[in-house]
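**Q** Right, I'll just put the structure down here and ask away after.
The values are calculated or read from the model by the stated rules, or taken from the named source; none is laboratory data. Predicted model, so just to flag it, every value in this text is computed and none were measured. For neighbour counting, all protein chains shown are included, and Cβ atoms are generated from backbone atoms with ideal geometry for every residue, glycine included.
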Amino acid sequence: MKDRTITIAKIDTGIVIDHIPAGKAYLISQVLGLNALARETGDIIAIGINFESPSMGRKDIIKVENLSLSRDMLNVVSLIAPHATVTRIANGEVIEKHKVEIPGVVGDIVICPDRFCVTNHEEVPGRFYVVDHSPLTLRCHYCESEFFGPLIKYKEKT
Amino acid sequence: MDFKGKDLISMNDLTREEIDEILQKVPVVQNHPEKKQLCRHKVSAMLFFEPSTRTRTSFEVAMRNLGGKVGGFYDASITSVVKEESLWDTVKMHDGYGFDVIVIRHPLKGAARLAAEAAEIPVINAGDGPNQHPTQTLLDLYSIKETQDKIDGLTIAMVGDLANGRTVHSLTEALLKYNDCRLIFISPRDLAMPRSLIDKCRKAWAERGATFTEGSRIEDYISEVDVLYMTRIQKERFEERSPLLEKFRSIYRLEASMLKSAKPHMKVMHPLPRVTEIAPDVDATDHAYYFQQARNGLFVRETLLALILGVVR
């Protein structure tokens, strides 16, 4: 294999989300609303897809300049990338590195798959309880439906 | 335990202790010396977004029996809902009219939970689509306890359309809160209990000793059960003139002659309305309990109103 070194947009201050399964970075950026954020702030957002990784083979990586999301907000990444790591950088120095944790409650980022659920008919923000980690299973706060796998669909913030 | 001001939305919100407490209060309210005065100055809003006969009538009579009044609507087509008013706004509006409690039935799942979030006053779920109907489950549990003197350790068979029946799902989940129940699910394979509930039954074995069996013939289990809970095989689940519907209805039909080997105290229950699943000749047997069960619905709803309105503690 040919050695290649690829660096993407070194950031001085912000957040790096690493160890994302290959192909999931775009979905994560949509769920976190990074597109809208970039439009608003003009800050750099770098999305790397299919990087080589000793532990994962291929992985994705996201770097967001000047972003300071709370742990809770970043924990939604765990629904898509359970083994992702978050590195917080300030003035070129790593100030914190942690793994994402699966939250107990998920907010209005998921669409309830039950078409008879009130959330699909009224303007009401969704709320879901994580009832199982493996496979990741959610229960709708309103209709009480439990669902997992491909039924977990994320709202796309454009 | 104090139920004053509390919502009743889902059986999943209630612990076994809370259920037991409600069931214990039923005879207290039923035989209360001042029953007619208990809710003298209370008014219940009935928000019925879809038609209902038994639930609606029994809630109305329950409120009247406690000396209270009812208002609201029973047909959403004559309200602002047709002007596309949101559920949230409809509930908010009624919340501000000076009612003391809201009883809501709605075709959408989760509507009662949303209503409870919109309202300051307590909300009772009288059925949110195929999701929950907690007052039905409580009256089922009350009827079981009344006839068997206990719930722990009973053998309870559920028969018919177990795939789509809200009452049997909710009853199963409630029974899993009790100890050592044996559940027998009798249905055609096409209408079997959903896998998610079977998984819950499996988990409950370790925690509470619950066991379950899936079977296909009523006759195989009739001598073992304490309660035979029959349900209707709904026409709307089948295509027009489906031969399967007739076939299932003839197999999952209880007749008096089948009850010969039943335990003397065994009771047949049914959430009603029945179609063909219980032959009329069963009515005359000592096992028939479905009409008393429906009547218990009135007493259970009186009790819930009294507890939630805080007039009985």
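Condition check ((1) away from every other protein chain (no Cβ under 13 Å); (2) surrounded by fewer than 17 Cβ atoms within 10 Å (Cβ to Cβ); (3) more than 30 Å from residue B:177 (Cα to Cα)) across all residues:
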| position | (1), (2), (3) |
| --- | --- |
| B:86 | no, yes, yes |
| B:100 | yes, no, yes |
| B:135 | yes, no, no |
| B:138 | yes, no, no |
| B:146 | yes, no, no |
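**Q** Here's another thing I want to ask about it. Those residues that are over 13 Å from the mean Cα position of the chain (by Cα), hydroxyl-bearing (Ser, Thr, Tyr) and closer than 25 Å to residue B:23 by Cβ, I need them from the stretch B:273-303; list them, please.
**A** Scanning the stretch B:273-303 gives B:289, B:303.
**Q** Taking residue B:113 and the conditions (1) in a helix (DSSP H, G or I); (2) in contact with an Asp or Glu (Cβ under 9 Å, 6 or more places away or on another chain); (3) surrounded by fewer than 21 Cβ atoms within 10 Å (Cβ to Cβ); (4) among the charged types (D, E, K, R), which numbered condition does it fall short on, given that it satisfies the others?
**A** The one condition residue B:113 does not meet is (3).
**Q** Working carefully through the options B:177, B:200, find the one that is away from chain A (no Cβ under 14 Å), surrounded by 14 or more Cβ atoms within 10 Å (Cβ to Cβ) and among the basic types (Lys, Arg). Spell out the reasoning first.
**A** On the way: B:200 fails: away from chain A (no Cβ under 14 Å).
Criteria check complete, one pass: B:177.
**Q** Now a separate question. Please specify each residue of the stretch B:124-133 satisfying the condition of being within 13 Å of chain A (Cβ to nearest Cβ), not in a loop (DSSP other than H, G, I, E, B) and not charged (D, E, K, R).
**A** Going through the stretch B:124-133, the residues within 13 Å of chain A (Cβ to nearest Cβ) turn out to be B:125, B:127-133.
Imposing the further condition that a residue be not in a loop (DSSP other than H, G, I, E, B) reduces the set to B:125, B:127-128.
Passing the criteria: B:125, B:127.
**Q** Do the conditions hold for residue A:122, that is, is it surrounded by fewer than 19 Cβ atoms within 10 Å (Cβ to Cβ), over 19 Å from the mean Cα position of the chain (by Cα) and facing another protein chain (nearest Cβ under 10 Å)? Walk me through how you get there before you give the answer.
**A** On the way: surrounded by fewer than 19 Cβ atoms within 10 Å (Cβ to Cβ): yes; over 19 Å from the mean Cα position of the chain (by Cα): yes; facing another protein chain (nearest Cβ under 10 Å): yes.
When the stated conditions are applied, residue A:122 passes them.
**Q** Hey, any hits in the stretch B:166-182 for a residue that's out of contact with any strand residue (DSSP E or B) (no Cβ under 7 Å at 6 or more places or on another chain), under 22 Å from residue B:26 (Cα atoms) and small (Gly, Ala, Ser)?
**A** yes
**Q** Among what's in the stretch A:105-119 and is among the charged types (D, E, K, R) and farther than 17 Å from residue A:75 by Cα, pick the residue that is surrounded by the most Cβ atoms within 10 Å (Cβ to Cβ).
**A** Quick first cut of the stretch A:105-119, residues among the charged types (D, E, K, R) only: A:108, A:114-115.
The next check asks that each one be farther than 17 Å from residue A:75 by Cα; those that pass are A:114-115.
Values: A:114: 23, A:115: 10.
Looking at the filtered set, the residue picked out is A:114.
**Q** Inside the stretch A:128-138, can you point out the residues that are surrounded by 19 or more Cβ atoms within 10 Å (Cβ to Cβ) and either in a loop (DSSP other than H, G, I, E, B) or within 12 Å of chain B (Cβ to nearest Cβ) (or both)? Explain how you work it out, then say what you get.
**A** Narrowing the stretch A:128-138 to residues surrounded by 19 or more Cβ atoms within 10 Å (Cβ to Cβ): A:128, A:138.
Correct list: A:128 only.
**Q** Those residues that are in contact (Cβ under 8 Å) with a residue 12 or more places away in the chain, surrounded by fewer than 13 Cβ atoms within 10 Å (Cβ to Cβ) and either among the charged types (D, E, K, R) or within 15 Å of residue B:307 (Cα to Cα) (or both), I need them from the stretch B:12-27; list them, please.
**A** B:17
**Q** A further question follows. Would you say residue B:152 is assigned to a loop (DSSP other than H, G, I, E, B) and either within 14 Å of another protein chain (Cβ to nearest Cβ) or touching a Ser or Thr at 6+ places or on another chain (Cβ under 7 Å) (or both)?
**A** On the way: assigned to a loop (DSSP other than H, G, I, E, B): yes; either within 14 Å of another protein chain (Cβ to nearest Cβ) or touching a Ser or Thr at 6+ places or on another chain (Cβ under 7 Å) (or both): no.
Considered against the rule, which asks whether it is assigned to a loop (DSSP other than H, G, I, E, B) and either within 14 Å of another protein chain (Cβ to nearest Cβ) or touching a Ser or Thr at 6+ places or on another chain (Cβ under 7 Å) (or both), residue B:152 comes out as no.
**Q** For the stretch A:24-46, enumerate the residues that are touching a Leu at 6+ places or on another chain (Cβ under 9 Å) and charged (D, E, K, R).
**A** A:43
**Q** Given the criteria part of a helix (DSSP H, G or I) and crowded, with 17+ Cβ neighbours inside 10 Å, does residue B:94 qualify? Spell out how you get there, then give the answer.
**A** Values: part of a helix (DSSP H, G or I): yes; crowded, with 17+ Cβ neighbours inside 10 Å: yes.
The answer is yes for residue B:94.
**Q** Being more than 29 Å from residue B:153 (Cα to Cα) and of a type in the set (A, V, I, L, M) narrows it down to one residue among B:218, B:278, B:308; which is it?
**A** Values: B:218 fails: more than 29 Å from residue B:153 (Cα to Cα); B:278 fails: more than 29 Å from residue B:153 (Cα to Cα).
Going through B:218, B:278, B:308 in turn, the sole match is B:308.
**Q** Here's a check for you: in the stretch B:280-313, which residue that is out of contact with any Phe, Trp or Tyr (no Cβ under 9 Å at 6 or more places or on another chain) and among the acidic types (Asp, Glu) is farthest from residue B:28 (Cα to Cα)?
**A** B:281
**Q** Which residue is farthest from residue B:53 (Cα to Cα), if the candidates are limited to the stretch B:268-313 and must be surrounded by fewer than 16 Cβ atoms within 10 Å (Cβ to Cβ), modelled with pLDDT of 95 or more and among the aliphatic types (A, V, I, L, M)?
**A** Once the filter is applied, the top-ranked residue is B:284.
Okay, residues lined up against (1) away from chain A (no Cβ under 14 Å); (2) modelled with pLDDT of 95 or more:
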| position | (1), (2) |
| --- | --- |
| B:14 | no, yes |
| B:17 | yes, yes |
| B:24 | yes, yes |
| B:39 | yes, yes |
| B:54 | yes, no |
| B:76 | no, no |
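**Q** Name the residues in the stretch A:92-119 that are touching a helix residue (DSSP H, G or I) at 6+ places or on another chain (Cβ under 8 Å), in a loop (DSSP other than H, G, I, E, B) and within 11 Å of chain B (Cβ to nearest Cβ), would you?
**A** A:112, A:114
**Q** Next up: State which residue is farthest from residue A:117 (Cα to Cα) when the search covers only the stretch A:140-151 and only residues that are more than 9 Å from chain B (Cβ to nearest Cβ) and part of a strand (DSSP E or B).
**A** A:148
**Q** Looking at the stretch B:203-230, which of the residues that are among the acidic types (Asp, Glu) and under 17 Å from residue B:259 (Cβ atoms) is surrounded by the most Cβ atoms within 10 Å (Cβ to Cβ)? It would help to see each step written out before you state the result.
**A** Of the stretch B:203-230, the ones among the acidic types (Asp, Glu) are B:207, B:214, B:219-220, B:224, B:226.
Within this subset, residues satisfying the condition of being under 17 Å from residue B:259 (Cβ atoms) are B:219-220, B:224, B:226.
Numbers: B:219: 11, B:220: 13, B:224: 15, B:226: 21.
Per the criteria, the residue is B:226.
**Q** Let me ask something else. Determine, yes or no, whether residue A:123 is without any contact (Cβ under 8 Å) to a residue 40 or more places away in the chain and assigned to a loop (DSSP other than H, G, I, E, B).
**A** Details: without any contact (Cβ under 8 Å) to a residue 40 or more places away in the chain: yes; assigned to a loop (DSSP other than H, G, I, E, B): yes.
Judged against the criteria, residue A:123 is a match.
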